[in-house]
1. Among Phe125, Thr167, Thr88, whose Cα projects farthest towards the positive end of the dipole of segment 51-197, with charges put on the beta-carbon of Lys, Arg (+1) and Asp, Glu (-1)?
2. Rounded to two decimals, what is the ratio between the C-alpha radius of gyration of segment 86-132 and 2.2 N^0.38 Å?
3. Can you give the extra length, in nm with one decimal, that the chain gains between Asp187 and Glu106 once fully stretched, where that is 0.36 nm per residue apart less the Cα-Cα distance?
4. In a GNM of the chain with a 10 Å cut-off on Cα contacts, which of Met183, Met135, Met110 has the highest mean-square fluctuation?
5. If you take the square roots of the eigenvalues of the alpha-carbon gyration tensor of segment 48-97 and sort them as a ≥ b ≥ c, do you get rounded (a/c under 1.5), prolate (a/b over b/c) or oblate?
6. With only Lys, Arg, Asp and Glu charged, each at its Cβ (+1 for the first two, -1 for the last two), find how big the charge dipole of the chain is about the Cα centre; round to the nearest 20 debye.
7. Length gain on complete extension for the stretch Lys13 to Ser180, per 0.36 nm per residue less the alpha carbon to alpha carbon distance?
8. Would you mind checking segment 60-83 for residues with the amide N under 11 Å from a putative spin-label position 7 Å along Cα→C-beta of Asn172?
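What follows draws every value from the coordinates through simple rules; no lab data is involved. Here the structure is a predicted model, which is why all the values come from computation and not from measurement. Here the Cβ is made from the backbone with ideal geometry for all residues, glycine too, and neighbour counts use every protein chain on show.
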Amino acid sequence: MSLRLGDTAPNFKATTTDGDIDFHEWKKDSWAVLFSHPADFTPVCTTELGRTAALGGEFAARNTKAIAVSVDPIEDHHGWAPDIAEVTGNELNFPIIADPDRTVAELYDMIHPGEGDTSTVRSVFVIAPDNSIRMTLTYPKSTGRNFDEIIRVIDSLQLTAEHTVATPADWNKGDRVIASPAMSTEDARARFANLEEVKPYLRYVDDPSA
Ligand code: BEZ
């Protein structure tokens with residue numbers, strides 16, 4: 001059965017480009033982005049891993065560790081890494097898991113037969129410090145992901161973990177947020193700044209973390 005939001009991210013041991021890891025020990029109490037890609041030495045994946053490396057400072061600022069996985073062997077990951085640096089200008093600064101026996105791919109349901117073969121599709125799991133899964137997304141092999149969107153989601157997850165708010169469509173860090181529908185307008189007005197009641201169920205307030 002596939003993993004759902006709120007499930008504990010399954011633990012595993014794996015060989016990575018940074019050495020052998022136990023996933024939960026490697027992650028410790030940080031946030032993590034575990035994402036799969038179909039294969040090494042492929043064009044879209046090269047751009048995706050380079051983009052993730054470029055965002056290393058953004059992930060670190062959010063106490064978030066990135067880790068990639070594919071079913072290719074560790075020798076291929078090491079052989080491909082210089083291409084990523086050359087093509088994108090970004091040296092890898094996060095580990096890539098080698099998963100040739102498909103342990104991780106099967107635990108996280110990252111192989112979709114409808115996508116043509118037994119390599120992983122483009123799955124993303126955002127995992128909280130308590131190891132619960134907070135966001136999943138799955139893209140087909142032909143579509144590279146938007147890693148700015150993954151950063152944006154982490155910002156929303158971290159904000160809404162701390163405050164009883166939700167974030168509207170196309171929200172970005174610093175924008176106004178929405179008071180939780182579970183909260184009365186009176187309570188929301190007392191707790192948050194500059195409440196604007198557009199509808200009784202839609203109350204914008206200032207970002208309480210700003
Ligand atoms: C790519 O990364 O370019 C790719 C990988 C597998 C299928 C299609 C594209």
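1. Final value for the positive-end residue is Thr167.
2. Values: Rg = 13.7 Å, N = 47, 2.2 N^0.38 = 9.5 Å.
Relative to the rule-of-thumb radius for its length, segment 86-132 sits at 1.44.
3. 24.6 nm
4. Met183
5. Since a/c reaches 1.5 but b/c is at least a/b, the shape of segment 48-97 is classed as oblate.
6. 720 debye
7. Gain on stretching Lys13 to Ser180: 56.2 nm.
8. Under cut-off, by backbone N: nothing.
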